[in-house]
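J.: Mind looking over this structure? Questions follow.
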Amino acid sequence: MNREQNFTNAKETAFTLAEVLITLAIIGIVAAMTIPTLINNYKKKQTSVKLKRFYSTINQAIQLSEIDNGSVFTWNKEDQALDENGDNISEAQKNSSAQFYNTYLAPYIKTVKLDDSDYKDYYKRVYFLDGSMLDLQNGDCVDFIYDTNGNSAPNTEGKDKFRFLLCLDKNLNKFYHYLTPNKAFGSYLQEDIDSRDKALSKCADDGRFCTVLLEVYDNLEFKDDYPYKL
């Protein structure tokens, strides 16, 4: 085979510029369609891991604290501090939340710091070693608002913030922990949510209630029908 024939065969087997551009365009379209899904699935898994770790950490801390402080249902906390209009008194609420946390949970949890200097509300904030954080609010129960990525956006309940309750009164548990009344720590507002469909609908309506879906029905994992993109 002479040089001219080799050149002709090479031309016949090579891709044209148009073919290369079309191939690159197809790859780009496929990537644009699949990469957001892959990223969201990764975020779901990452968030699920942090939620499970947090949930386990709090429950373990409660169990350890009960050895030193008695049953969780005998623990003390200050009543909710409200002004004459029924609004939270910020400093009093922060102090009561911090006192409760420091007394019953802090000795059993590894954290970076307990602080409220960058938060102008009535919560007490706890920073964890993995970059997540927890806001504590003193109410009828103690609200645990867990943020899986700390101060980073979106800071939205149901996406990166997830609300749990620690109730010290079994009578309150019948209301707040409708499905697990003998359990002090659990998801927020389980009343009348006795099926996954109801929990899914409630979560879609209000991100504060997504922990019912996640904890009670989905093992703290994000299923395909989870109503929010993380």
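J.: So Glu221 clears everything in (1) touching a residue at least 60 places away in the same chain (Cβ under 8 Å); (2) out of contact with any Asp or Glu (no Cβ under 9 Å at 6 or more places or on another chain); (3) closer than 24 Å to Ser71 by Cβ except one condition, right? Which one?
T.: That leaves (3) as the condition not met.
Residues are listed down the side, and each one gets a yes or a no for (1) outside any loop (DSSP other than H, G, I, E, B); (2) at pLDDT 95 or above; (3) closer than 19 Å to Lys52 by Cα:
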residue: Tyr127; (1), (2), (3): yes, no, yes
residue: Gly131; (1), (2), (3): no, no, yes
residue: Leu136; (1), (2), (3): yes, no, yes
residue: Asp140; (1), (2), (3): no, no, no
residue: Asp143; (1), (2), (3): yes, no, yes
residue: Gly150; (1), (2), (3): no, no, yes
residue: Pro154; (1), (2), (3): no, no, no
residue: Leu168; (1), (2), (3): no, no, no
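J.: Starting from residues that are hydrophobic (A, V, I, L, M, F, W, C) and more than 24 Å from the chain's Cα centre (by Cα), keep the ones in region 61-110 and report whichever is surrounded by the fewest Cβ atoms within 10 Å (Cβ to Cβ).
T.: Looking at residues that are hydrophobic (A, V, I, L, M, F, W, C) and more than 24 Å from the chain's Cα centre (by Cα), I get Ile67.
Yes/no matrix, rows are residues, columns are (1) of a type in the set (A, V, I, L, M, F, W, C); (2) surrounded by 15 or more Cβ atoms within 10 Å (Cβ to Cβ); (3) in contact with a Gly (Cβ under 9 Å, 6 or more places away or on another chain):
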position	(1), (2), (3)
Val142	yes, yes, no
Ile145	yes, yes, no
Asn155	no, no, no
Gly158	no, yes, yes
Lys170	no, no, no
Phe185	yes, yes, no
Tyr188	no, yes, no
Leu213	yes, yes, no
Val216	yes, yes, yes
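J.: How many residues, within region 12-60, are farther than 30 Å from Leu134 by Cα, at pLDDT below 75 and open to solvent by 80 Å² or more (accessible area, probe 1.4 Å)?
T.: The total comes to 8.
J.: State whether the residues of region 32-44 include one that is touching a Phe, Trp or Tyr at 6+ places or on another chain (Cβ under 8 Å) and in a helix (DSSP H, G or I).
T.: Yes, region 32-44 contains a residue that is touching a Phe, Trp or Tyr at 6+ places or on another chain (Cβ under 8 Å) and in a helix (DSSP H, G or I).
Condition check ((1) out of contact with any Asp or Glu (no Cβ under 9 Å at 6 or more places or on another chain); (2) touching a residue at least 12 places away in the same chain (Cβ under 8 Å)) across all residues:
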position: Val49; (1), (2): yes, no
position: Asn59; (1), (2): yes, yes
position: Gln63; (1), (2): yes, no
position: Gly70; (1), (2): yes, no
position: Glu78; (1), (2): yes, yes
position: Ser90; (1), (2): no, yes
position: Gln93; (1), (2): no, yes
position: Phe100; (1), (2): no, yes
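J.: Further question: Is at least one residue of region 68-86 among the aliphatic types (A, V, I, L, M), in contact with a helix residue (DSSP H, G or I) (Cβ under 9 Å, 6 or more places away or on another chain) and part of a helix (DSSP H, G or I)?
T.: yes
The values are calculated or read from the model by the stated rules, or taken from the named source; none is laboratory data. Because the structure is predicted, anything quoted here is derived from the model rather than measured. Please note: Cβ atoms are built from the backbone with ideal geometry, for glycine as well, and neighbour counts cover all protein chains shown. The accessibility values were calculated without ligands, DNA or RNA, using every heavy atom of the protein model including side chains. Shrake-Rupley method; radii C 1.70, N 1.55, O 1.52, S 1.80 Å.
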